[in-house]
Amino acid sequence: MFLHSKKNLLSFEKSLYNNYLELNLRRERLLLAVSGGVDSLALLLATSRISSKLSLHVEVASIHHGLREEGAQEVDFVRALSAKLGTPFHTQNLNMRSHVALEERARHLRYAALEEIRERRCLNFILTAHTASDQACTLLMRLSRGAALSGARGIWRRRGYLLRPMLTFRRAEVEHYLKQTSLSPVMDFMNKDERFFRVRMRRGLLRMLEDVAGASATLHLAQFCRYADEDEAFLQQLALRAFQKIQVSPTALDVMGFLCLEKPLQRRVLALLLSQHGLEIDSKSIENSVVAIQTKKNATLAQDSLLKSEKGLIFIEAAPPRKKRLGKKRLLS
């Protein structure tokens with residue numbers, strides 16, 4: 001079924017099989033997110049061929065964002081393929097319209113829809129087809145934007161019910177695998193629309209990097225992200241313990257305890273404090289807050305808030321009306 005060359009296919013499938021084992025995916029009920037593109041089709045086909053060896057129950061979801069007329073046809077394509085593979089199929093129409101933060105909005109609604117299907121069908125995990133190329137692209141995007149703390153972190157391999165088993169594959173490897181089948185992926189022209197930062201990064205900088213440093217550069221970046229994820233998880237645990245240790249009230253931290261922390265923990269403790277107040281966490285806010293605490297001054301944050309260091313305490317409060325009229329943000333006062 002759909003196959004021309006077993007030798008090449010088995011190599012890809014064996015690697016994916018090993019990734020499933022590493023993720024402890026045996027006798028699990030899985031929901032595959034499939035758009036009909038190259039990556040997700042490879043995930044669906046390869047998973048269907050190795051599922052019996054792992055005693056997996058597999059179902060498919062294809063989400064129609066409502067942004068393109070072709071979207072409905074792509075959903076029908078995945079529906080038909082799922083029927084051929086004997087895999088239960090689900091879909092949702094998000095009825096989206098143009099939005100300022102279109103990519104982020106679409107992502108948020110897509111994952112919410114997938115989670116609703118997972119819960120309704122009593123499935124254990126949602127699997128997406130993100131690759132090492134996606135991972136490398138995400139890393140470069142985060143670094144170029146000046147991520148506040150964990151800019152080296154890329155796409156989580158495992159986060160709650162969400163798993164990405166294909167982060168060890170370059171996009172070219174996935175394309176090679178799918179070419180050995182009789183399947184033709186759908187073409188999402190939004191993936192070629194250079195109005196989107198991710199598209200410009202993937203088609204420009206990442207391609208140039210591979211030309212200069214070789215194709216293995218993508219895998220090296222992806223591996224770096226994996227180590228950075230593990231490091232960040234460890235630092236976050238330490239930061240949470242430190243936060244709880246120097247917390248003197250639900251809304252205040254001890255200054256001396258804070259200053260005794262190493263700088264990586266200081267930044268993460270402040271990020272926790274800002275997040276408690278629903279404030280934006282960026283490098284400038286964190287840097288200004290650290291300086292304010294060291295110099296016993298105030299730091300003006302987003303949403304007309306002030307971080308104060310007074311009487312041995314660190315706390316956040318609303319800025320007085322005069323500060324609001326000045327409209328100064330993220331500057332030491």
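The values are calculated or read from the model by the stated rules, or taken from the named source; none is laboratory data. As the structure is a prediction and not an experimental result, all values here were calculated from the model. Here the Cβ is made from the backbone with ideal geometry for all residues, glycine too, and neighbour counts use every protein chain on show. Heavy atoms of the whole protein, side chains included, go into the accessibility calculation; ligands, DNA and RNA do not. Shrake-Rupley method; radii C 1.70, N 1.55, O 1.52, S 1.80 Å.
What the table below lists for this structure:
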{"quantity": "Sulfur and carbon atoms: percent of accessible area, the chain [1.4 Å]", "calculated": "52"}
{"quantity": "Cβ-defined net charge surrounding N24, 13 Å radius [Lys, Arg +1; Asp, Glu -1]", "calculated": "+2"}
{"quantity": "Between helix 263-276 and the chain: long-axis angle, C-alpha atoms, 0 to 90°, nearest 10", "calculated": "80"}
{"quantity": "Loop-located GluC sites (Glu not before Pro) in the stretch 240-297, at most 15 other Cβ atoms within 10 Å (DSSP)", "calculated": "E262, E280"}
{"quantity": "Volume of the Cα convex hull of the stretch 168-311, divided per residue and given in Å³", "calculated": "180"}
{"quantity": "In the stretch 19-49, trypsin sites (Lys or Arg not before Pro) in a DSSP loop with at most 13 other beta-carbon atoms within 10 Å", "calculated": "R26, R27"}
{"quantity": "At 1.306 mPa s and 10 °C, Stokes D of the chain from Kirkwood alpha-carbon radius, µm² per second", "calculated": "71"}
{"quantity": "The chain: angle of helix 38-50 to the longest principal axis, Cα-based, in degrees nearest 10", "calculated": "60"}
{"quantity": "Beta bridges by DSSP in the chain, antiparallel share as percent, to the nearest 5", "calculated": "55"}
{"quantity": "In degrees, nearest ten, helix 70-85 long axis to first principal axis of the chain (Cα)", "calculated": "60"}
{"quantity": "Accessible area (Å², per residue) of the stretch 153-288, counting only protein heavy atoms and a probe of 1.4 Å", "calculated": "57"}
